[in-house]
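The values are calculated or read from the model by the stated rules, or taken from the named source; none is laboratory data. Given the structure is predicted, the values throughout are model-derived calculations rather than measurements. Neighbour counts run over all protein chains shown; Cβ positions are idealised from the backbone, glycine included.
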Amino acid sequence: MTGNNVSHSNRKTKTRWKANVHKQTLAIDGKPTRVKICSRCLRTMYKPPRGRKARARAAA
């Protein structure tokens with residue numbers, strides 16, 4: 001994604017926003033595999049399931 005940094009005097013310089021990518025070793029099909037993954041995706045993968053279905057599974 002691209003855009004501008006805008007100073008107090010309203011001067012504009014080009015800037016780029018890049019994904020926060022990390023090298024991570026994950027278990028894929030039972031084997032450790034090194035992948036490049038963004039930190040947001042990594043957080044999403046390890047979140048516990050939430051919602052009505054998750055509560056029903058926890059109660060059972």
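Here are the numbers for the structure shown:
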item: Inter-residue pairs, beta-carbon under 8 Å, first more than 16 Å from Val21 (Cα to Cα) and in region 31-60, second in a helix (DSSP H, G or I), 6+ apart; result: Pro48/Ala54; Pro49/Arg57
item: Extreme residue, modelled with the lowest pLDDT, among residues of region 17-54 that are among the β-branched types (Val, Ile, Thr) and in contact with a strand residue (DSSP E or B) (Cβ under 9 Å, 6 or more places away or on another chain); result: Ile28
